[in-house]
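Participant: Below are the structure tokens for one structure; questions will follow.
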Amino acid sequence: MESQLPETDSGRLRALLGVARALGEPIEHTALLQTMLRQMAEVMDAEASSVFLHDPNSHELVMHAPHGPRAEQLLSLRMPDDKGIAGSVFQSRQPLNVRDAQNDPRFFRDADRKSGFVTHALMCAPLMNEGQCLGVIQVLNPKRVASFSDKDAGMFEGFALLATSAIVRLRAQEEALRRKRIEQELSIAREIQQAFLGARLPDAACVRLAAYNEPARDISGDFYSVEELPDGRVLVALGDVSGKGIPAALTMARASAEIRALAPGMTDLGEWMGRLNDALCRDAVGGRFLAMTALLFEPGASEVQACAAGQFSPLRLRAGRCEEISLPRQLALGIAPGTSFSSSRHTLDLGDLWLLFSDGVTEARDPAGNEYTISRLAASLPPGAGPQEAIDAIAASLCQFTAKVGSHDDATLIAAQWRAAPPPDSWTIPARPEDLRTARNLIERWAHFVGFSEDEIGCLVLGADEAAANIIRHAYGGQEGSIDYAVALVEGGDALVIRMRDHGKPVSPECLKGRELADIKPGGLGLHFMRSTFDEVRFESHPDGTTLHLRKRLRHA
């Protein structure tokens, strides 16, 4: 911005107008303040000028962008907001024209001492915005006269108004940048979190699983982790990381990675929690810690190990009765290396439902400020509920209790229902009608294991039996052969897939069509029955036979 010393009042007004125009230009805020203070000193024919902005946390006035001799020595000069002439103006919200600063008892001499500059006269005005004083602006030592005139004071107050506008704009820009940075941080944190929580729960064999996570804000500090170990054991954990945003998301990611790395080969859950604690303590940043409850389901022993570290004990729903499993209170993870943790063992009955939850559930509040509590959580569980039914019932109860006012903390749940060790997942039988009994018995055991109703089990067994009879009849034509069975849980344990592989004559496309139901001749209706029983019936042809895929979902899934 070009400037020359104005010789007339009209020149001063033109200079003031130039500063006002500069407020609309894309200019960095510090440069704008420096330009304005330089222009003000020239217009007022003064030696120096400065702006003090108020710091409400320290109750101080902080100098910004000073202009004049030895100004660099005054950068970030701080003074109490009730001291000096600047403090007096800040407190009173009234401008001052001080003609003899050295003899004014309010004069704050530290700035002169620090810079070597001698203040003789000054004008100081408050920077007012909507009733709030943002700070003060000063102009010091007129060059040609002993003090500033009343006419000077009027022009100076015009600069104060422009300075206020500049500072308001500056803060709006900073707030917009701050919000943009926060949104970028939240976006990154959401991606990190969804990488761990957005994935489908694993198809664990010995437990059925369901989970729920409702962040209080954009990013949850809660997480859950499920690890199926090579020997069939299943680790289920729910954690609550201190803090929010990217730091919490990164701590969560690191904790999840450590859990996954340390899980294989564990024997005692308490000892394992100690190793996890030491790993988190090694690189702890910013005092963040992890409260966590973990369960280790052991199919071979029909037992579960349980351990809580700074977190709630789990609930168990057995035979329609809900109870809290009392566990020792222990320190959260990531605080003190070398801490010992203990776990307890509990026998498992078929159908036991274990529930882990964060404090955002039990400490959720209704509009009157009452907490949800563990007792309400337990009462919301329907007798005989499966994992998803339990989660849905709690979520509905929680929403009704809080009246949808929103939670003050993250709410997370994970439910695991024990269904014992699974039956064999593969077997081979001779392709003879008298040997189908073996396959029927194993498929019936799998259907019970998954949780199908008695009616569904009957149809499922009959449908698979009809498929095997067709293989004997069409693929082998009554000759010798074998049928290879493979059974697997998919869709988080909510669907059963039966694969039947033969090594006979490949199935013809005509056989796959089936007969019209109106055609009542014997035979050919088995395919219709299979398709009405299973959600998917799919044939996969091979050079040496066919694989039949039968998939059936649980009704609630």
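Participant: Taking a ≥ b ≥ c as the square roots of the eigenvalues of the Cα gyration tensor of region 77-124, is the shape rounded (a/c under 1.5), prolate (a/b larger than b/c) or oblate?
Facilitator: Oblate is the answer for region 77-124, as a/c is 1.5 or above yet b/c matches or exceeds a/b.
Participant: Right, here's the next one. Report the calculated FRET efficiency for His549 and Cys399 (r = Cβ-Cβ distance, R0 = 41 Å), to the nearest 0.05.
Facilitator: 0.55
Participant: Using the 10 angstrom Cβ neighbour count as an exposure proxy, how do Trp427, Trp446 rank, fewest first?
Facilitator: Trp427, Trp446
Participant: Report the label-to-label distance for Val118 and Glu454 in nanometres (one decimal), using points 7 Å from each Cα along the Cα→Cβ vector.
Facilitator: Reported label-point gap for Val118 and Glu454 is 10.9 nm.
Participant: Also, I was wondering about something else. How big is the convex hull of the Cα atoms of region 9-174, per residue, in Å³?
Facilitator: Spelled out: Cα convex hull of region 9-174, divided by residues, is 108 Å³.
Participant: Just rank Arg178, Arg345, fewest to most, by other beta-carbon atoms within 10 angstrom.
Facilitator: Lowest to highest Cβ neighbour count: Arg178, Arg345.
Participant: Rank by packing, highest mean first: peptides 374-383, 459-468, 319-328, with packing defined as the count of other Cβ atoms within 10 Å averaged across residues.
Facilitator: 459-468, 374-383, 319-328
Participant: Rounded if a/c is under 1.5, else prolate if a/b beats b/c, else oblate: with a ≥ b ≥ c from the C-alpha gyration tensor eigenvalues square-rooted, which is region 138-184?
Facilitator: In terms of gyration-tensor shape, prolate.
Participant: Also, I was wondering about something else. Using alpha carbon coordinates only, what is the Rg to Rh ratio of region 246-291, with Rh defined as the Kirkwood radius?
Facilitator: Dividing the radius of gyration by the Kirkwood radius yields 0.98.
Participant: While we're here: What residues from region 114-136 fall in the zone where the backbone N is under 19 Å from a label point 7 Å along the Cα-to-C-beta line of Val168?
Facilitator: Taking a point 7 Å out along Cα→Cβ of Val168, the residues of region 114-136 whose backbone N falls under 19 Å are 125-136.
Participant: Would you mind computing, in nm to one decimal, how far apart the modelled labels at His474 and Ser326 are, each placed 7 Å from Cα along Cα→Cβ?
Facilitator: Those two pseudo-labels are separated by 6.3 nm.
Participant: Provide the gained length on full extension for the span Arg275 to Glu303, in nm with one decimal, where the gain is 0.36 nm per separating residue minus the Cα-Cα distance.
Facilitator: 7.9 nm is the gain from fully extending Arg275 to Glu303.
Participant: If I stretch the segment between Ala378 and Ala153 completely, what's the gain in nm (0.36 nm per residue apart, minus their alpha carbon distance), one decimal?
Facilitator: Extra length available between Ala378 and Ala153 comes to 73.7 nm.
Participant: Further question: Report Rg/Rh for region 333-469, rounded to two decimals, where Rg is the Cα radius of gyration and Rh the Kirkwood radius.
Facilitator: Rounded to two decimals, Rg/Rh equals 1.18.
Participant: What is the pair-distance distribution P(r) of region 426-553, computed from all Cα-Cα distances in 10 Å bins starting at 0, with each bin given as a whole percent?
Facilitator: For region 426-553, the pair-distance distribution reads 13, 46, 34, 7, 0.
Participant: Moving on. When averaged across all projection directions, what area in nm² does the alpha-carbon convex hull of region 200-418 cover?
Facilitator: 11.3 nm²
Read-outs: derived from the displayed coordinates by stated rules, not from any lab. Predicted model, so just to flag it, every value in this text is computed and none were measured. Cβ sites come from the backbone with ideal geometry, for glycine too, and all protein chains shown count toward neighbours.
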